[in-house]
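I have placed the structure first, in the form of structure tokens, so that the comments after it can refer back to it.
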Amino acid sequence: EYAVSDAVVRRREDVRRAIEGVVTASGDFPGGTKVAVFGSSANGFGSPSADLDLCLQIPASAGLTREDGVEAMTRLADKFERAGMTGVDTARLTARIPIVKFNVPHGDGDGRLLVECDLSLQNPLAVLNTALLRAYSSMSSDLRVLASIVKRWAKARDINCPSRHTLSSYGYVLMLISFLTTCEDTGDGFVSCPSGPPVGAAGGGEMPIPSRPVLPNLQWVDPSWAADPTGPYRVIPAKPASGHCTIDHPTEPGYTVNYYFHRTGGAGSGTGDGGARLREYCSLDRPGRPSPGTLLASFFRHYAHGFDYRRRVVTLNLSRGGHVGGDREVKAEEDGWSLFKAGLAVEDPFELFYDVAHVVKVADFHHIRREMALAYSKIVAAAEAGGE
């Protein structure tokens, strides 16, 4: 169910090219406009049945305004229908990120199917976010396996629907990556998961960076350590802030997004094989590496019983002092997040002001936490029954 075959990859590319062909032929957009795939269909964490999320990449020099873009997408929707696409829906063209929804027929005869597509206007952060998650998924097969299990579990327990105040699949993937980049690989097949700083520590205290994380944090790992991941783990003191890794936020005036992360050299990264040593570090074959079962149980235990939700938010970022970030007091001061709500908060890796879990109400948070506790207890019971 979660293995994406080469045939599925080719089908998605066929659909992308077909959509780009209609966009180019329409004459409604500037020359050089491209259609890019983002989201779970491209980040390595999607299933074969995932919808196809796409966005129009319009040259910055074109100077297309939002209003002109929405008008062009309205005309494009009519041309999609004429091109044989079905279920064209323009209801979300007024959203923060304008979107047209439609289905693209693919194949012939009995093998013909409809591919559900969402095409958005100028969504650069989604494309960058996809690149970050793809770098993680290409670095670690463990992560891909664990993410597919967690997503399947959340779907089975009916706790992955933001419209019903539970967390999105994207949110669970961020929680998983945050856990794996902050817990310590003890080298004996287990992990040590810090629950937080000492009680009573000033300003909420700071959590140390692990000396041997299960996964390196790609936004902060020291490139020299990544090239030769031996010895204690090292991070950079600050992210580079040049024009090569920053963009202006498309909808938040005055907000600059730093999208720097270490490119792992995995499939599709376009950076050669510079990440081979990192992939070896993250390999199941490494002696003493925790098994996927151990990591899964530890993940559920961490967020059911260990994580300090009153004082921390889930994050991939580090603090200014080079410690694990996510202090709730800091988020309250800098971004206006609730300081007193003892609930789940998940910081987006690029839009640091955005809480991916903002839709999760307190009662639903407790429900998610109970489900995690139940999952952990079932894994432990199964392991004990099997004599492990």
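The values are calculated or read from the model by the stated rules, or taken from the named source; none is laboratory data. If you're wondering where the values come from, they're calculated on a predicted model, not measured in any experiment. In this analysis, Cβ positions are derived from the backbone assuming ideal geometry, glycine residues included, and neighbour counts consider all displayed protein chains. Remember, those area values only see protein heavy atoms, side chains included, never the ligands or the DNA or RNA. Shrake-Rupley method; radii C 1.70, N 1.55, O 1.52, S 1.80 Å.
The table below lists the values:
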| read-out | value |
| --- | --- |
| Full-extension gain in nm, S148 to A95, via 0.36 nm per residue minus C-alpha separation | 16.1 nm |
| By accessible area with a 1.4 Å probe, ligands and nucleic acids excluded, highest first: order of K341, K239 | K341, K239 |
| Fraction of accessible area attributable to carbon and sulfur, the stretch 286-388 (%, probe 1.4 Å) | 55 |
| GNM flexibility winner over the chain from S178, S120, S49 (Cα, springs under 10 Å) | S49 |
| Set of aspartates and glutamates near K378 by C-alpha distance (under 19 Å), chain-local residues within fewer than 8 positions excluded | D158, E388 |
| Distribution of pairwise C-alpha distances over the stretch 118-195, 10 Å bins, in % | 15, 39, 36, 8, 2 |
| Heavy-atom accessible area order for I209, I149, I236, largest first, 1.4 Å probe | I149, I209, I236 |
| Amide H within-cut-off set for D355, under 5 Å, with H built and near neighbours excluded | none |
| Simple label model, 7 Å out from Cα along Cβ direction - H323 to K239, nm | 2.1 |
| Percent RCO, i.e. relative contact order, over the chain, from Cα pairs under 8 Å lying at least 6 residues apart | 14 |
| Where chymotrypsin sites (Phe, Trp or Tyr not before Pro) fall in DSSP loop in the stretch 307-388, at most 13 other Cβ within 10 Å | F340 |
| Rounded tilt (10° steps) of 362-385 against the dominant C-alpha axis of the chain | 60 |
| Acute angle (nearest 10 degrees) that the helix 66-82 long axis makes with the longest principal axis of the chain, alpha-carbon atoms | 70 |
| Residues of the chain: accessible area per residue with a 1.4 Å probe, Å² | 46 |
| With Cα atoms, 0 to 90° folded angle of helix 292-301 axis to the chain main axis | 80 |
| Residues E334 and H305, FRET efficiency given R0 of 22 Å [Cβ-Cβ distance, rounded to 0.05] | 0.15 |
| Whole-Hz couplings from phi, Karplus 6.51/-1.76/1.60, listed for the stretch 125-132; x for Gly and Pro | 5, 5, 5, 5, 4, 4, 5, 5 |
| Rg followed by Dmax, in Å, when the chain is reduced to its Cα trace | 21.8, 68 |
| Residue order for H366, H302, H358 - accessible surface, 1.4 angstrom probe, largest first | H358, H366, H302 |
